[in-house]
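Peer 1: Pasting a structure below so you can have a look.
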Amino acid sequence: MSKLQLKWAGVLALVVLSCAALYPSFDWYSKTPQERDRLEAGRLRPRWLLNLGLDLRGGTHLLMELDVTKLPQDADIKDALDRAIEIIRNRVDQFGVAEPLIARQGERWIVVQLPGITNTRSAKEIIGKTALLEFRMEDDTDKGRDARTKIAELGDPFTHADDGTATITPAAAKLVPAGDALFPGKENSFHLLKATAPVTGAMLESARVETGQNGIPIVSFKFKPDGGRIFGELTAANVGKNMAIVLDGLVYSAPVIKSPIRGGSGIIEGNFRMEEARNLAIVLRAGALPAPVKVIEERTVGASVGEDSIRSGLFACLIGGVLIVGFMLVYYELAGVFANFALFLNLLFLLAMMAYFGSTLTLPGIAGILLTAGMAVDANVLIYERIREELRAGKPVRIAVDAGYDRAFSAILDSNLTTLISAVFLFQFGTGPIKGFAVTLTLGLLCSMFTAITVTHMMFHAYLANRGVDKLHIG
């Protein structure tokens, strides 16, 4: 097998691998939206898939702010923001969102984009919940019982804000004994608890949804070994007393400890709906945020908008592609056929690499593909013009072709290298669609360098080797 045949075998192998990499995407997007949702719920999403971004698929965009006023005075805000991003990422991963975008923006803001998620309320509940789980003992002393009686005579001891938070009234605060704290309950009740929490959710190992009595969902949890030991000692020392389970400052239940609870496991009851219980288990498994976050910007991109964007993008690609192909055929004749075939391979390899790496295709990404196609053709134009010059100088066809590629290579390399540097900076410092554009542009440049230079050169060699060509028509 000659050297040229080996090169063609390599290109053929790349074509086969590219088709194999793209097949899962073709199969996935040929299914109905309901079928895709069912497979995603079962975590059966293909590993190699060309994902669609928020602007193409629809979904939820949230800009969240970390409430740094709730951090300790000596806390490192940057570290707290990094921890919040990691915890939000864990929660979103367990929520089953494919290709989410979670990134820092500024000093205290976090951008969260959830493609395919249109239930904004559920998304915000999972992402924004602090999930600080505490186990506190009720104050069962005579002083505590007297304080509870006097507080109850005041009526509701809390003022309730629109966001659901409750603040103790000054009158009630004066009645709370030292070492105690007053917490609201789930059903317009209040609990007088010890100010310290011996056991917290930081000691949890796992949490999951189970079905309790009467078929009502409950959340069962299991502590890590150290947490289980402390929990066992706490319950052993307080048999017959009430222990409150407090989540984000709200008492979910305060059962009586009937016997020491060994083994480090327990349940949280709260008349949950199944979705509420599932979301609570997710946030408990992911851990508590270092401080509350609040949504300061919220946008929902409908699926129909995404479909319109895809249709417009494909139409633009089709029109641009037809014009490019037509121009190359008319102006460069046979060499134009080579350039068009290389352009097709360029797009095939580009999409295959994006599918293999699980990249996300966005509207700017489509713009990156079009820009790449233009640069690939531009490279061939440079080469063909150099070949023309060599032919006009009277050089033989084969020598003119090789000289044309040699003379054009440095200009093509410089042009692609500078664009590649720009793409790297866009990827490093950009967010969301800008990163999508940078990824598409980078992969496209690499593919176009290979197809526009190597593959078309191989085509010329194959054409000249099989025919006794002494004259080349190149426009």
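Peer 1: Evaluate E = 1/(1 + (r/R0)^6) for ARG262 and THR454, where r is the Cβ-Cβ distance and R0 equals 51 Å; express this FRET efficiency to the nearest 0.05.
Peer 2: That pair, ARG262 with THR454, gives E of 0.15.
Peer 1: LYS31 to LYS224: FRET efficiency via 1/(1 + (r/R0)^6), r the Cβ-Cβ distance, R0 35 Å, to the nearest 0.05? Can you show the working numbers first?
Peer 2: Numbers: r = 41 Å, r/R0 = 1.18.
E(calc), rounded to 0.05, equals 0.25.
Peer 1: OK, next. Considering only protein heavy atoms and a probe of 1.4 Å, how much of the accessible area of the chain is carbon and sulfur, as a whole percent?
Peer 2: Within the chain, the accessible surface is 59 percent carbon and sulfur.
Peer 1: Expected output is a single nm value to one decimal: the length gained when fully extending between ARG104 and ALA178, i.e. 0.36 nm times separation in residues minus the C-alpha distance. What is it?
Peer 2: Here the answer is 22.6 nm.
Peer 1: Please give the length that would be gained between LEU318 and GLN428 if that part of the chain were fully extended, namely 0.36 nm times their separation in residues minus their C-alpha to C-alpha distance (nm, one decimal). Could the numbers behind the result be given before it?
Peer 2: Numbers: separation 110, 0.36 × 110 = 39.60 nm, distance 3.08 nm.
Result for the pair: 36.5 nm of gain on full extension.
Peer 1: Assign one of three labels to the chain, namely rounded, prolate or oblate, based on the Cα gyration tensor with a ≥ b ≥ c the square roots of its eigenvalues; rounded applies when a/c is under 1.5, prolate when it is not and a/b is larger than b/c, and oblate otherwise.
Peer 2: Prolate, because a/c is 1.5 or more and a/b exceeds b/c.
Peer 1: What FRET efficiency comes out for the pair LEU371/TYR331, r = Cβ-Cβ distance, R0 = 22 Å, nearest 0.05?
Peer 2: Values: r = 21 Å, r/R0 = 0.94.
Efficiency, from the Cβ-Cβ distance: 0.60.
Peer 1: Which value results when the Cα radius of gyration for the stretch 54-187 is divided by 2.2 N^0.38 Å?
Peer 2: Cα-based Rg divided by the globular estimate yields 1.40.
Peer 1: Once phi is turned into θ = phi - 60°, what whole-Hz ³J(HN,Hα) does the Karplus curve with 6.51, -1.76 and 1.60 give for every residue of the stretch 60-70, x standing for Gly and Pro?
Peer 2: Couplings: 10, 10, 10, 10, 10, 10, 7, 7, 5, 5, 8 Hz.
Peer 1: From zero up to wherever the largest Cα-Cα distance of the stretch 236-291 sits, split into 10 Å bins and tell me the percent of pairs in each.
Peer 2: Reading the bins upward from 0: 19, 47, 29, 5.
Peer 1: Once phi is turned into θ = phi - 60°, what whole-Hz ³J(HN,Hα) does the Karplus curve with 6.51, -1.76 and 1.60 give for every residue of the stretch 400-405, x standing for Gly and Pro?
Peer 2: Result, ordered by residue: 5, 5, 4, 5, x, 5 Hz.
Peer 1: Spelling out what I want: for every residue of the stretch 185-190, take phi, set θ = phi - 60°, compute 6.51 cos²θ - 1.76 cosθ + 1.60 (Karplus), and round to whole Hz; glycine and proline get x.
Peer 2: Each residue of the stretch 185-190 in turn: x, 6, 10, 6, 10, 9 Hz.
Peer 1: Suppose all protein chains stay in the model; what accessible area per residue would a 1.4 Å probe give for the stretch 1-118, in Å²? Don't skip to the end; give the middle numbers.
Peer 2: On the way: 6670 Å² over 118 residues.
Result: 57 Å² of accessible area for each residue.
Peer 1: For GLU389 and GLU298, calculate 0.36 nm times their separation in residues minus their Cα-Cα distance, and state this gained length in nm to one decimal.
Peer 2: 26.9 nm is the gain from fully extending GLU389 to GLU298.
Peer 1: Taking only C-alpha pairs under 8 Å that are 6+ residues apart, what is the relative contact order of the stretch 88-227 in percent?
Peer 2: RCO, the stretch 88-227: 17 percent.
Peer 1: Can you list the residues, at least 5 places off or on another chain, whose amide H is less than 5 Å from the amide H of LEU204, using H built in the peptide plane?
Peer 2: Sorted by chain and number, the residues that satisfy this are LYS224.
Peer 1: Nearest 10 degrees is fine. How inclined is helix 142-153 to the longest principal axis of the chain, computing both from alpha carbons?
Peer 2: 70 degrees
Peer 1: Starting from the amide H of SER253, placed 1.01 Å from N in the peptide plane, find each other amide H under 5 Å away whose residue is 5 or more places distant or on another chain.
Peer 2: Residues meeting the criterion, in which the H sits 1.01 Å from N, are ILE245.
Peer 1: On average, how much accessible surface per residue is there in the stretch 184-328, in Å², for a 1.4 Å probe, leaving out ligands, DNA and RNA?
Peer 2: On the way: 7640 Å² over 145 residues.
Per-residue value: 53 Å².
Peer 1: Sticking with this one: Cα gyration tensor of the stretch 1-80, axes a ≥ b ≥ c as square roots of the eigenvalues: rounded (a/c below 1.5), prolate (a/b > b/c) or oblate? Kindly include the intermediate steps, with their values, before the conclusion.
Peer 2: On the way: a/c = 4.10, a/b = 1.91, b/c = 2.14.
It is oblate, given that a/c is not under 1.5 and a/b is not larger than b/c.
Peer 1: Using modelled backbone amide H atoms (1.01 Å from N, in-plane), which distant-in-sequence or interchain residues come within less than 5 Å of ASN51's amide H?
Peer 2: Distant-sequence amide H within range of ASN51: SER359, LEU361.
Peer 1: Something else about it: When the helix-only estimate is applied to the chain (DSSP H runs of n ≥ 4, each -39,500 (n - 2.57), divided by the residue count), what is the mean residue ellipticity at 222 nm, nearest 500 deg cm²/dmol? Walk me through the intermediate numbers first.
Peer 2: Working: 15 runs with 256 residues, N = 475.
The helix-only estimate for the chain comes to -18000 deg cm²/dmol at 222 nm.
Peer 1: Is the C-alpha gyration tensor of the stretch 169-242 telling us rounded, prolate or oblate? Criteria: a/c under 1.5 is rounded; beyond that, a/b larger than b/c is prolate, otherwise oblate.
Peer 2: Oblate, since a/c reaches 1.5 and b/c is not below a/b.
Peer 1: When the label point is put 7 Å from the Cα of LEU4 along its Cα-to-beta-carbon vector, which residues of the stretch 368-388 have a backbone N closer than 11 Å?
Peer 2: none
The values are calculated or read from the model by the stated rules, or taken from the named source; none is laboratory data. Keep in mind that what you see is a predicted model, and the values were worked out from it rather than measured. Virtual Cβ from ideal backbone geometry, glycine too; neighbours counted across all protein chains shown. Quick note on the areas: whole protein, heavy atoms, side chains included, nothing else; ligands and nucleic acids left out. Shrake-Rupley method; radii C 1.70, N 1.55, O 1.52, S 1.80 Å.
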